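The values are calculated or read from the model by the stated rules, or taken from the named source; none is laboratory data. Predicted, not measured: the structure shown is a model, and the values here were computed from it. Note: ideal-geometry Cβ built from the backbone for every residue, glycine included; neighbour counts use all protein chains shown.
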Amino acid sequence: MVMSTDLPVHHRALALRSALDLPIIERHALEAETLRRVAGVDRMGDLTRYNTCEVTELADLTPAASLLAPDERGWALGHALVHAVEHGQRLWLCETTPQEFAALRRALGEDLVHNASLEALPESEPTGPVVAAVSPRDLLDAWAVGDAAQVRYLRTVLKGTDPLRVPSHILAALEQAQVDLVPRSKATRLLHNPKFLAYLIIFIYSSLRVVPAALAPGFKGNPWVLWGIDIVTALPYTWGIMMMVAGRRLRHRMAGTLVTLVTFIAPYVYFFARGKGYPPWVLYVVAALVIGTVLLEGGRWLRDVIVARGLTAAQPQRPGRPQSPRDGRSLKPQGRPRPAGSA
């Protein structure tokens, strides 16, 4: 899949491998905040072509009683769930008619299917195509503690699935529902957890940054104090960045900005307060660290903006290109083959 060439070159570079690569997003103007909320990500730029997927099978689901048997459509949904579990998918999108959207909500659950079309007002009845947004994680979480038919369905379609990338609370719910999953140790799952890896990188970076600071000519402070400031401010700094770019209210964004600034400059304040007569190369290194951090966070912020704008702006159709999966495009169910003899 190739991102729309209507974007400037530098925008395409910043939005590389984002959800803007998906054809359904090029065909429709979508409500960006709805997609972010349903996917459960902190930033728009976290919506990627890997954790966001177009699942056309959602438009053709049968009523719940047949779906959970499972029938042919139930197995197709099951294959999609297996793929979501094993590949860490957070968001499913599907182009539907208003009638199909209503049927999908009845089949999966009113609270699990969301209207992501930008044109539709919350209280209005949609008249054109509706893009349905579903979180497979929320679906698993709800059905794992749902009625007997839903639990039995998950036991059937998820048998033998690898839960390596499933969040802990969903894994606990699936285990409580007695779904037969591939056993994985907590250590193995932790090493594949993106949030844990992100915090581990921050910890390692903060620790290594102390080494040149402690060896810098003119530094008279305690390296362990500098390291402690770095570690203690790492998490508030991350929270501040999140609030600064994604806060819903002005006071939240202002608080995030303040926390970001304070936690960012705190190590440097100690470094310069406990030293003097630094040679020029030390100042150059500090300046490079500051500029690099600003460019990194600025690039991430710009990616959020580009992705959000791209989600809300449908691209014009190119000649010869199918307008939807029903006009020449069909996606085969992904996952394991259906067991022989099943309905």
How many residues, within the range 37-70, are in contact (Cβ under 8 Å) with a residue 60 or more places away in the chain and basic (Lys, Arg)?
1
Looking only at the range 60-94, which residues are outside any helix (DSSP H, G or I) and of a type in the set (Phe, Trp, Tyr)?
TRP92
Identify the residue in the range 1-56 that is among the hydroxyl-bearing types (Ser, Thr, Tyr) and within 19 Å of PRO194 (Cβ to Cβ) and, among all such residues, is modelled with the highest pLDDT.
THR52
Test result for LEU200, surrounded by 13 or more Cβ atoms within 10 Å (Cβ to Cβ) and within 23 Å of LEU140 (Cα to Cα)
no
Please enumerate the residues belonging to the range 265-298 that are within 16 Å of ALA213 (Cα to Cα), in contact (Cβ under 8 Å) with a residue 12 or more places away in the chain and in a helix (DSSP H, G or I).
ALA266, PRO267, TYR268, TYR270, PHE271, ALA273, VAL282, VAL285, VAL286, LEU289, VAL290
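With the condition kept exactly as written, say whether any residue in the range 155-169 is in a helix (DSSP H, G or I), basic (Lys, Arg) and either at positive phi or without any contact (Cβ under 8 Å) to a residue 12 or more places away in the chain (or both). Break it down stepwise before answering.
Our first condition is that a residue be in a helix (DSSP H, G or I); within the range 155-169, this holds for 155-157, 168-169.
In the following step, the residues that additionally are basic (Lys, Arg) were identified as 155.
Next cut, either at positive phi or without any contact (Cβ under 8 Å) to a residue 12 or more places away in the chain (or both) only: none.
No, the range 155-169 has no match at all.
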Restricting the range 134-162 to residues that are crowded, with 20+ Cβ neighbours inside 10 Å and within 22 Å of SER185 (Cα to Cα), the one nearest to the chain's Cα centre (by Cα) turns out to be ARG137
Could you please let me know if TYR199 is under 26 Å from the mean Cα position of the chain (by Cα), under 21 Å from LEU296 (Cβ atoms) and not hydrophobic (A, V, I, L, M, F, W, C)?
yes
